[in-house]
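Have a look at the structure below before the remarks.
The values are calculated or read from the model by the stated rules, or taken from the named source; none is laboratory data. Remember, predicted model here, so these are calculated numbers, not experimental data. With ideal geometry, Cβ positions are generated from the backbone for all residues, glycine too; neighbour counts draw on all protein chains shown. Only protein heavy atoms, including side chains, enter the accessible area calculation; ligands, DNA and RNA are left aside. Shrake-Rupley method; radii C 1.70, N 1.55, O 1.52, S 1.80 Å.
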Amino acid sequence: MKLPNLNEARKRTNKEVEYIYLNQKYDNKLFKGQKYFLRTYGCQMNVHDGEEIASRLESLGFEMTDKLENADIVILNTCAIRENAHDKLYGFLGRCKHAKKDNKDLIIGICGCMAQEESVVKELMEKHPYVDIVFGTHNIHELQDLIINRKNKQDIEVYSCEGEVYENISYKRDSQIKAWVNIQYGCDKFCTYCIVPYTRGKQRSRRSNEIIKEVEDLVKKGYKEVTLLGQNVNAYGKDLEDELSFAGLLEGVAKTGIDRVRFVTSHPWDFTNEMIDTIAKYDNIMPYIHLPLQSGSSRILKLMGRRYTKEEYLDLFNRIKNKILNCAITTDIIVGFPNETDEDFKETLDVVNKCKYDSAFTFIFSPREGTPAAKMEDKIDMKTKENRLQELNELVNSYSLAANKKYINKIVPVLIEGISEKDNTKVFGYTDTMKLVNITNGKDKIGQIVNVLITDAKSFSLDGDIKE
Ligand code: 5AD
Ligand code: SF4
């Protein structure tokens, strides 16, 4: 296993890496006529990594297919945040193994956060010898070389630690209307339940001039929306000297003139009044904030290492709501953290009742190997945790529906993104507050921001008609 490869990576300077892996022109006839199947699990960061992976595969001549049986190479871009992510990977690997029986030359590759987990790499080596290549979140730039130089053995290239920040990465973007833009990689917060700081390394911010240049380029290409991506966007720049704060970066991005600026994910601890003021000041910074709560109990928050109390969270929430008119706020909540009592859970319900979130992603705590919380003794049985999740979901969904119903009979601007997957007579798009709207007319309006009259509301979407 080549896990200590980091030392080798560290010896190379950023310039050399850029020369070797980024500016290298690959022969796009090498794999001409061959097809790639790429499946991405997990968060937006992974989705955006998938856009880089696709671009690298196409630089070798591979073309995309959405059918596993037609593929010459399969790449599974994995997520490690909760246990069910593991189950999904091994479930799909079974299908890949089967496909390899029909096509012996099929290359199977695994990357993403699970590939950074030593236990997973070990398991792949011992029990899944038909997997050909494994590369980590810090090795994506080596994908072409891994494929070209493949020997008939498992090639594993996983740096155990992050390298430097690379610029000029090429992406095959999924959309020509909205784009993801990384502003930082990794996370330094080490919340006790979370595996991300281990799989994605410590926080590394990109330089603001590089980020703004990327957004300016997207504006020139006709993009209407960018989402600035990071595990903790509010801590942007803190790892660099002479760099803007997140508020300064937001301002710089807003001034590029792009129609819509979004950002995920925010950490309450790093959220400043200056950021709130900046969001309020610029019309093209969308009034939508994903503000993970995780728990409403100050006791559990402390055990989670979240660095804020229930009261501090509520205070921030109210400051945002008072300053940014009609701001939609969504959240993440974990139930069943080790030894969460009924009282702790009631505190979470209390925050939900006070905040009346536009929507919330809710999870049962999943112990992740190597994190402090996984070692905590836990006396709460699974049935109790499931019951809590159900009670929480019912409450959260009732508030989502109530928040959505307020839109009925209002006219709101919607960026139309494309034809609805469920009903091809309709188009879909998002309001500035990130509400999904299904629209009866408007096939000629794809890529435009148009006024839509909201006619109906459900818990997870709105219905509407374009109003000229
Ligand atoms: N168990 C359950 N949920 C988790 N999350 C992160 N780690 C875990 C875990 N070990 C949730 C958090 C985070 C979201 C992306 O996933 O709520 O905000
Ligand atoms: Fe994980 Fe906490 Fe970092 Fe978010 S802020 S990625 S929950 S460690």
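State whether one or more residues within the range 377-392 are within 26 Å of the chain's Cα centre (by Cα) and either without any contact (Cβ under 8 Å) to a residue 12 or more places away in the chain or more than 16 Å from ligand 1 (Cβ to nearest atom) (or both).
Within the range 377-392, one or more residues are within 26 Å of the chain's Cα centre (by Cα) and either without any contact (Cβ under 8 Å) to a residue 12 or more places away in the chain or more than 16 Å from ligand 1 (Cβ to nearest atom) (or both).
If I filter the range 73-132 down to residues being within 27 Å of residue 33 (Cα to Cα) and among the hydroxyl-bearing types (Ser, Thr, Tyr), which single residue comes out as nearest to ligand 1 (Cβ to nearest atom)? Steps first, please.
Taking the range 73-132 and keeping what is within 27 Å of residue 33 (Cα to Cα), we get 73-78, 92-112, 129-132.
Retained after the next criterion (residues that are among the hydroxyl-bearing types (Ser, Thr, Tyr)): 78, 130.
On the way: 78: 15, 130: 30 Å.
The selected residue is 78.
Could you say which residue among 180, 269 is of a type outside the set (Ser, Thr, Tyr) and either closer than 19 Å to residue 291 by Cβ or within 16 Å of ligand 2 (Cβ to nearest atom) (or both)? Can you show your working first?
Values: 180 fails: either closer than 19 Å to residue 291 by Cβ or within 16 Å of ligand 2 (Cβ to nearest atom) (or both).
Within the list 180, 269, the selection yields 269.
State the number of residues belonging to the range 2-52 that are at pLDDT 95 or above and farther than 26 Å from residue 93 by Cα.
Total satisfying the criteria: 0.
Got at least one residue in the range 296-314 being touching a Phe, Trp or Tyr at 6+ places or on another chain (Cβ under 9 Å), of a type in the set (D, E, K, R) and away from ligand 1 (no atom under 16 Å from the Cβ)?
Yes, the range 296-314 has at least one match.
Pairs, please: C-beta under 7 Å, at least 6 apart or cross-chain, first residue at negative phi and touching a residue at least 12 places away in the same chain (Cβ under 8 Å) and in the range 313-333, second part of a strand (DSSP E or B) and β-branched (Val, Ile, Thr)?
From the range 313-333, the pairs are 317/329; 320/289; 320/329; 327/289; 329/289; 333/362.
Just give me the residues in the range 323-344 being in a loop (DSSP other than H, G, I, E, B) and within 16 Å of ligand 1 (Cβ to nearest atom), in sequence order.
Once the filter is applied, which keeps residues that are in a loop (DSSP other than H, G, I, E, B) and within 16 Å of ligand 1 (Cβ to nearest atom), the range 323-344 yields 336, 337, 338, 339, 340.
If a residue counts only when it is open to solvent by 10 Å² or more (accessible area, probe 1.4 Å) and either modelled with pLDDT under 95 or of a type in the set (S, T, N, Q) (or both), which helices (runs of 4 or more DSSP H) contained entirely in the range 187-280 have at least 2 such residues?
Values: elements: 196-200, 208-220, 246-254.
Counting at least 2 such residues, we get 196-200, 208-220.
Taking the range 89-110 as the region of interest, how many residues are β-branched (Val, Ile, Thr) and either open to solvent by less than 10 Å² (accessible area, probe 1.4 Å) or at pLDDT below 90 (or both)? Before you say what the answer is, go through the steps one by one.
Our first condition is that a residue be β-branched (Val, Ile, Thr); within the range 89-110, this holds for 107-108, 110.
After this cut, where a residue has to be either open to solvent by less than 10 Å² (accessible area, probe 1.4 Å) or at pLDDT below 90 (or both) as well, the list is 108, 110.
Count: 2.
Restricting the search to the range 350-369, which residues are surrounded by fewer than 14 Cβ atoms within 10 Å (Cβ to Cβ) and within 13 Å of ligand 1 (Cβ to nearest atom)?
Scanning the range 350-369 gives a single hit, 361.
Of everything in the range 306-331, what is under 23 Å from residue 43 (Cβ atoms) and surrounded by fewer than 17 Cβ atoms within 10 Å (Cβ to Cβ)? Give them in sequence order.
Selection gives 307 alone.
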